[in-house]
Amino acid sequence: MTETRAGAVTPAVHHGAMFDTNELVLNMGPQHPSTHGVLRVVLRLDGEKVVDADVVIGYLHRGIEKLSENRNWTQIILLTDRMDYVAAATNNVGYCETVEKLLSIEVPRRARYVRTILCELQRIASHCLWLGTHAMDIGAMTVFLYAFRERELILDLFEEFCGARLTYNSMRIGGLPLDIPSGWDRKVLEFCRIMDSKILEYEELLTHNRIWLERTKGIGVIDGPEAVAIGLSGPALRGSGVPRDVRKDEPYAAYDELEFDVPIGAVGDTYDRYLVRMEEFRQSLRLIRQATEGLPEGPIVGKVPRLIKPPAGETYHAIESPKGELGYFIVSDGKSTNPYRFRVRPPSFCNLQGLPRLVRGHLVADVVALIGSLDIVLGEVDR
Amino acid sequence: MGEAIAFYTIAAFVLGFAVMVVSTKDTVHSVLFLVLDFLAVAALYVLLGAEFLAAIQVLVYAGGIVVLYLFVVMLVNLKGFPEENRDPHRRTKLGLGLAAAVVVELGAILAYDYARPVPQLADAAIPVVGNTEEVGWLLYTSYLIPFEIASMLLLVAMIGAIVLAKREL
Amino acid sequence: MITPTHYMLLSAALFMIGVVGVLVRRNIIIIFMSIELILNAVNINLVAFSSQLQHTVGQVFAVFVVAVAAAEAAVGLGIILAFYRNRETVNIDEMNLMRW
Amino acid sequence: MIDLFIIPLLKIAIVLNATLVGVTYMVLLERKVIAWAQSRLGPMRVGPHGILQPVADALKLMIKEDITPVRVDRWVFTAAPIISMVPALIVYAVIPFGPEVTLFGRQVTLYITDINVGLLYVVSVASVGVYGIILAGYASNSKYPLLASLRASAQLISYEVAVTLTLVSVILVAGTLSMVGIVRAQEEAGVWFAFIQPLAFGIFFIGGLAETNRAPFDLPEAEQELTGGFHTEYSGMRFALFFLAEYANVIVVSSVATTLFLGGWLRPFPSVDALAFLDIVPSWTWFLLKSFVFLYVFVWIRATLPRYRYDQLMRLGWKVLIPLAIVNLVVTGFIRLMVL
């Protein structure tokens, strides 16, 4: 029922009208340039104002979790590549560490350092992609190409390390498949040097741009407690002022030995989430520098049994992926060579829960800005 | 000769489009014919040497008022044309009767025209040249009060339209 | 030779078409458009005489007519929208109540 | 006979062809400049440095299948691209590219016609162009185009007010509506109107960006929000017409801005005699150069700025530009009254 101006109450019949003076249902996606994949958002609009949004997912579901229960422990690594395909190395690390925890394997220090470098490079690459698409959604097309240019450098580094550019399969349970190529660390430092100036370039185009400010400030404001209640994590949560970072709170890899800050936002709007991620670029570079310069010598693989068959039990282990808290929950029955139960806590999926809450009351144009600001990857949402 | 050809062509367009406006079923098509009709009338004004009015006709009528019509037609999104449920009490006969009356009027015009030629009016003293300047001069001297009243009318209409169209104030 | 009579005939014909539109159609938007046609018919007459009499005052009045037409369209269409919101129709035969 | 028919027809043919070629090369310019801004090369394959890319584009668009989706309003769907293209082209009838020149022993004016309501003609023709967009959105029978066309028409109508008000202040300064007359007025004043009316120039430029649906006001065709906007359902040649119309409009705005504010065909600083040696450059070259600068700035802005949101765009138009334009108009009128 809608309240009309004359005071009478008329039924808000929806008769499939193309355009009505009341409400319009707009189906955004799954084929839409800025839903970042096959996301479908059903918007109910009043004019251009979003009254309600319904997120429909599952278009990219491949059953990775179920598949994993029928693969042996090493074969699963390459399946994790396909979840968050713009941050494959992080997924690998998360999975391998979970299994290591099940097996109680000690990972050599050098391997942990290289993992940190890879994770942070991956974070920068993922943030580059986020920045590019987010800016593109708001109409700044140049930033998109700039960000992709730098992402390309990271992909080159990864290619040199493991031979692949997107799905790396770059970890082994207990360590690394192979040591870093000679001179690779020098190239990483060189990249850090380049990236330092490029971040300034992005910020020059966006951070103080009036239009950018108008488009992002006050859009999709969510305060800390509510963000926690919805289950946001990663930069989306930190943007709301909650200093939660798995790297700090439950350190893994070599994060406990390295120094870095966790940037947090003040208001919790799109602009704060943007600023948090921009600062994370810098923190990542700081981490990479420390880890590369202090890279210890030593073996790269720990004592891993020939046949990986963890004892019966279950474990949950989370890492900080570029999108947020990426957790693996794995149950082993101790008898077979594959997990009994395999479950992922994907940050994109959990963050996407916040979308209907965020877009309510904003305009259609803000919907794309907010999808971009949550930084989702549909491969991870649907798995 | 050239003037006659131009006049008859434009007049044919004006009347033809006008007939289409009132006879087309689809409201949007009707609006489009209205635009064409207004453009044809603008051409008529050019023929009459009233360039300023022609430009105003295109600018205000074709580019402004009719866009409003189009907006409203798109907003109300007709499902089924009102003509479909015929009402027997409709005064179609009265319309045709009035049409006949106008035909009689046309005859009267013709008869009067043959009986007495139109007298020439003495040129008014307008110290400027050019159509736009002339209109402007009259508008801002002799007809200043009507001009102000017209602007007040537009202001009132604007406020009225906002009040009417806005769902909640 | 085109005389004002020609323009008067054209104008009267256009006027007639407008009147027929007002009386025969029942879609209020079309009726509004017919009224615009009528106003244009008047304008043609005004401009034709202005041109014949070599005096611009006719055009000045045509300008006023255009202004009034704009005001009329704005208010009229506002009424149509408000009406449509309440009754979901633009058929004038159904507009038979002074209030609703 | 020659003066009445042949020369005008020749001029029309030349201007139309030049415009259409200019429009296709405007597309190339845009792609190239944006590519350079983004550290890319842009089109490189067709011809040296992609110089023949427009030809390839035109061919491709012509041989593409021209789809008419089911349940569209067929006539309107076909008419809409034409309606948006035609006004963009016929504006050139009053744009003065240069003064009178002597060609083959005959006095020829470098404009098609000079009517005494030239500026009004430009404004009124431009106001008809909005129909193409509204009708495309309506006829497509699809939601995204409909939303886009409503956005577009609201945007065009709003910014038209601001732009027209700035034009009125230019008319006040120039004292004429004729395009040639306005350039001559700048010649007499010895200064471009951009310097006399800087505020009007700025508002006109911003309004021009909005009226041509260019970044940062390209909401009606915001690909990221509305999947292409009002021409979502179009393909092939009909899409090409929309595309060309947009660029033709950009060129129109540049030409009008050049004529009104940058002295049209006049050389820089027309009153400074020390620069008289610049007169050896043909007048139309100045016109083209100045228009080119505008085109470049249009492209540059597109490469730099994000996009406004719809309500912000409306706020900017109604709450900033229109009041500013009115203030500018009042001040101009007052000064004019004092001076005369």
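Just so it is clear, none of the values below were taken in a lab; they were calculated from the coordinates. The model shown is predicted, which means the values in this text are computed figures rather than measured ones. Cβ placement follows ideal geometry from the backbone for every residue including glycine, while neighbour counts extend to all protein chains displayed.
The alpha-carbon atoms of the protein assembly as shown define a convex hull whose volume equals 210 cubic angstrom per residue. If each Cα of segment D:218-340 is one equal point scatterer, what is log10 of I(q)/I(0) from the Debye formula at q = 0.15, 0.18 Å⁻¹? At q = 0.15, 0.18 Å⁻¹ the computed log10 ratios are -1.00, -1.16. When restricted to Cα atoms, segment D:1-97 yields an Rg and a Dmax of 17.9, 55 Å, respectively. Tell me which lysines have Cα within less than 23 Å of A:Lys309's Cα, excluding those fewer than 8 residues away on the same chain? Hits, sequence-local ones excluded: A:Lys66, A:Lys101, A:Lys335. Summing Cβ point charges (Lys, Arg +1; Asp, Glu -1) relative to the Cα centre of chain D gives a dipole of roughly 600 debye. Computed from backbone phi, the HN-Hα couplings of segment A:29-42 come to x, x, 9, 8, x, 10, 9, 6, x, 9, 7, 10, 10, 9 Hz, rounded to whole numbers (Karplus: 6.51 cos²θ - 1.76 cosθ + 1.60, θ = phi - 60°; Gly and Pro given as x). In this simple spin-label approximation, D:Met44 and D:Leu278 carry label points 7 Å from Cα along the Cα→Cβ vector, and these lie 3.7 nm apart. In terms of overall dimensions, segment A:157-287 has a Cα radius of gyration and Dmax of 17.6, 49 angstrom. Centroid-to-centroid, using Cα positions, segment A:340-383 and segment A:146-168 are 25 Å apart.
When the protein assembly as shown is described by a simple charge dipole with +1 on each Lys and Arg Cβ and -1 on each Asp and Glu Cβ, the residue from D:Phe239, D:Val70, B:Met152 located farthest towards its positive end is D:Val70.
Once both labels are positioned 7 Å from their Cα atoms along Cα-to-Cβ, the gap between D:Arg106 and D:Val320 label points is 5.1 nm. Taking segment D:154-171 and a reference point 7 angstrom along Cα→Cβ of B:Leu154, the backbone N atoms nearer than 15 Å belong to D:158, D:160-169. Counting neighbouring Cβ atoms within 10 Å and putting the fewest first, the residues A:Arg306, A:Arg62, A:Arg244 line up as A:Arg306, A:Arg62, A:Arg244.
Its alpha carbons give segment A:73-305 an Rg and a Dmax of 17.9, 58 Å. Partner lysines whose Cα lies under 18 Å from the Cα of A:Lys323, excluding those fewer than 8 positions away in the same chain, are identified as A:Lys248. In segment D:2-339, taking the dipole from charged Cβ atoms about the Cα centre, the farthest positive-side position among D:Pro198, D:Ile112, D:Met26 is held by D:Met26. Comparing segment B:1-82 with the 2.2 N^0.38 Å rule of thumb, its C-alpha radius of gyration ratio is 1.22 (two decimals). Simple rule: put +1 on each Lys or Arg Cβ and -1 on each Asp or Glu Cβ in chain A, find the dipole, and look at A:Thr292, A:Ala253, A:Pro311; the Cα lying farthest toward the positive end is A:Pro311. In this Cβ point-charge picture (+1 for Lys and Arg, -1 for Asp and Glu), chain A has a dipole of about 960 debye about its Cα centre. All other residues whose Cβ lies under 15 angstrom from that of D:Val253 are scored, Lys and Arg at +1 and Asp and Glu at -1, for a net of -2.
Size of segment D:2-339 from its Cα atoms: along the principal axes, largest to smallest, the extents are 61, 49, 45 Å.
Within the same chain, lysines fewer than 8 places from A:Lys49 are excluded, and of the rest, those with a Cα less than 24 Å from its Cα are A:Lys217, B:Lys166, D:Lys143, D:Lys319. Counting only Cβ charges, +1 for Lys and Arg and -1 for Asp and Glu, the dipole size of chain C around its Cα centre is about 120 debye.
With the convex hull drawn around the C-alpha atoms of segment A:77-156, the volume per residue stands at 87 Å³.
What is the fewest-to-most order of A:Arg343, C:Arg25, A:Arg151 by other Cβ atoms lying within 10 Å of their Cβ?
A:Arg343, A:Arg151, C:Arg25
Take the Cα of B:Ala101, step 7 Å toward its Cβ, do the same at C:Arg87, and the gap between the two points is 2.5 nm. The three principal axes of the Cα atoms in chain C give end-to-end lengths of 53, 24, 16 Å, sorted in falling order.
In this structure, A:Glu297 and A:Arg165 have a Cβ-Cβ separation that, at R0 = 22 Å, corresponds to a calculated FRET efficiency of about 0.20. Helix content alone sets the calculated 222 nm mean residue ellipticity of chain D: runs of n ≥ 4 DSSP H residues at -39500 (n - 2.57) each, divided across all residues, give -21000 deg cm²/dmol.
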